[in-house]
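All remarks here apply to the structure that follows.
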Amino acid sequence: MLKQRIIATLIVKNGIVVQSIGFKKYLPIGKLSIAVDYLNKWGIDEIIILDIDASKNSTVINSSLIHEVSSLCFVPLCVGGGISNVTHIKELLQNGADKVSINHHFLHNPSFIHEAVSVFGSQCIIISLDIKKIDDVYRVYDVINDKTLDTLEVYLKKAHEYNVGEILLNSVDRDGMKTGLDTQLITFATEHSKLPIIVLGGASNPLDLLEAIKNPNLSGVSAANFFHYFEHSVNISKSFIKKEVNYPIRNDNYASYNEFEFTIEGKIKKRSDLTFAKLLFEVHKEEKI
């Protein structure tokens, strides 16, 4: 069984990392380079960087920015935003990206995906789909044109036909809502596609990640906002998951929380005063003369 991955998604708008809420509200976080550096130190398995302005402005994610952050990134790096031809992909790969994520041009120019896979291989091409649940049916949402398209099942089949490497599913309904990842979406997608599936949207604590990763057919679970506000969020989440289920999660970071106990939300439980006393003081028996 392949190890499931804990993946960080960094949403970039106007050149900085932002917190996305419902695809409508964006709160500034800070420099992309700082976010990438900390995620690496905390033991993330993979990083996805998505420039949400690029397709809207008919531009492409800044390759110079990717070159800058790739020197800080020692895990697979996937980047997306406005990618519409093989030249864009080649330039991003030359500047440090390992994979690319394509959304808008998969929806409106799928023949480009066939060309991209032919040139760079399946493992390099990830399809990103934004998902809305309408009348209990999962549908693909076109963010740029603000319209709902065909069912998710239709686009899963298209991705399979073009032999892409992975599919990233982003829940529009749960984006920034802290209501947990959509486990029904995970079940539906993994049952209707043999391609590796990554799910994003709604994670607010390690328990949310655990509930998603309990599905052994899920390739990776991703979070964006959660990782920004929870110090050591990655390695704490991994330690929490390892204690709860025997899934083969990568855990190769130097900082370990394996000896700690956690609340159901994944927060570290406070240790007793006696435990702290033992850590602070060394007790010597009274010397008798």
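The values are calculated or read from the model by the stated rules, or taken from the named source; none is laboratory data. What you see is a predicted model; the values in this text were computed from it and never measured. Note that each Cβ is placed from the backbone with ideal geometry, even for glycine, and that neighbours are counted across all protein chains shown. Protein only, heavy atoms only, side chains kept; ligands, DNA and RNA dropped before computing areas. Shrake-Rupley method; radii C 1.70, N 1.55, O 1.52, S 1.80 Å.
Can you give me the angle between helix 110-120 and the longest principal axis of the chain, using Cα atoms only, in degrees from 0 to 90, rounded to the nearest 10?
The two axes meet at around 60 degrees.
Putting +1 on Lys and Arg Cβ atoms and -1 on Asp and Glu Cβ atoms, find which of Asn103, Val245, Gln19 reaches farthest to the positive end of the dipole of the chain.
Val245
Using only the Cα atoms of region 63-112, what do you get for the radius of gyration and for Dmax, in Å?
When restricted to Cα atoms, region 63-112 yields Rg and Dmax of 11.2, 34 Å.
In deg cm²/dmol and to the nearest 500, what is the mean residue ellipticity at 222 nm of the chain if only DSSP H runs of at least 4 residues count, each as -39500 (n - 2.57), divided by the residue total?
-9000 deg cm²/dmol
Can you give me the relative contact order of region 1-108 as a percent, contacts being Cα pairs under 8 Å and 6 or more apart?
24 percent
When DSSP beta bridges are limited to those with both residues in region 80-229, what percentage is antiparallel, rounded to the nearest 5?
30 percent
Measure out, as a whole number of angstrom, how far apart the alpha-carbon centroids of region 159-204 and region 81-117 sit.
Computed from Cα coordinates, the inter-centre distance equals 20 Å.
Could you tell me which trypsin sites (Lys or Arg not before Pro) in region 149-239 are loop residues by DSSP with no more than 16 other beta carbons within 10 angstrom of their beta carbon?
Of the trypsin sites (Lys or Arg not before Pro), the ones in loops of region 149-239 whose Cβ has at most 16 other Cβ atoms within 10 Å are Lys178, Lys194, Lys214.
Per the Kirkwood treatment, what hydrodynamic radius in Å, one decimal, follows for the chain from the mean inverse distance over all distinct Cα pairs?
Evaluated on the chain, it is 19.9 Å.
Find the accessible area per residue for the chain; the probe is 1.4 Å, ligands and nucleic acids are left out, and the unit is Å².
51 Å²
About its Cα centre, how strong a charge dipole does region 1-160 have in debye, to the nearest 20, once Lys and Arg get +1 and Asp and Glu get -1 at the Cβ?
220 debye
Dividing the Cα radius of gyration by the Kirkwood radius, what Rg/Rh value follows for region 64-174?
Rounded to two decimals, Rg/Rh equals 0.99.
Modelled label-to-label distance, Asp135 and Ile16, 7 Å Cα→beta-carbon offset: nm?
The modelled label-to-label distance comes out at 4.3 nm.
If I fit a long axis through the Cα atoms of helix 233-244 and take the longest principal axis of the Cα atoms of the chain, what angle between them do I get, 0 to 90°, rounded to 10?
Its long axis makes an angle of about 70 degrees.
Have a look at region 1-139 and give its Rg and Dmax from the Cα atoms, expressed in angstrom.
Cα radius of gyration and Dmax of region 1-139 are 15.1, 45 Å respectively.
Which is the longest run of the chain containing none of the chymotrypsin sites (Phe, Trp or Tyr not before Pro) found in DSSP loop states (not H, G, I, E, B) with at most 14 other C-beta atoms within 10 Å?
Longest stretch, sites excluded: 75-228.
Scaled to the compact-protein estimate 2.2 N^0.38 Å, what is the alpha-carbon radius of gyration of region 170-234, rounded to two decimal places?
Output field value: 1.06.
Using a probe of 1.4 angstrom, how much of the accessible area of region 1-106 is carbon and sulfur, in percent?
Taking all protein chains in place, region 1-106 shows 54 percent carbon and sulfur surface.
Among Gly81, Gly30, Gly202, which one moves the most in a GNM of the chain with springs linking Cα atoms closer than 10 Å?
Gly30
With everything on Cα atoms, drop me the angle between helix 183-192 and the longest principal axis of the chain, reported from 0 to 90° to the nearest 10.
Its long axis makes an angle of about 50 degrees.
For region 15-92, which trypsin sites (Lys or Arg not before Pro) are in a loop by DSSP, counting at most 10 other Cβ atoms within 10 Å?
Those satisfying the criteria are Lys24.
Just need the Rg to Rh number for region 106-236, please, alpha carbons only, Kirkwood Rh.
Rounded to two decimals, Rg over Rh is 0.98.
Where does the longest stretch of the chain lie that holds no GluC sites (Glu not before Pro) found in a DSSP loop with 15 or fewer other Cβ atoms within 10 Å?
The reported range is 1-230.
At q = 0.12 Å⁻¹, what is the base-10 log of I(q)/I(0) for region 128-199 according to the Debye formula with one equal point scatterer per Cα and no solvent? Please give it to two decimals.
Each listed q corresponds, in turn, to -0.29.
Which percent, to the nearest 5, of DSSP beta bridges fully inside the chain are antiparallel?
Of the beta bridges lying entirely in the chain, close to 35 percent run antiparallel.
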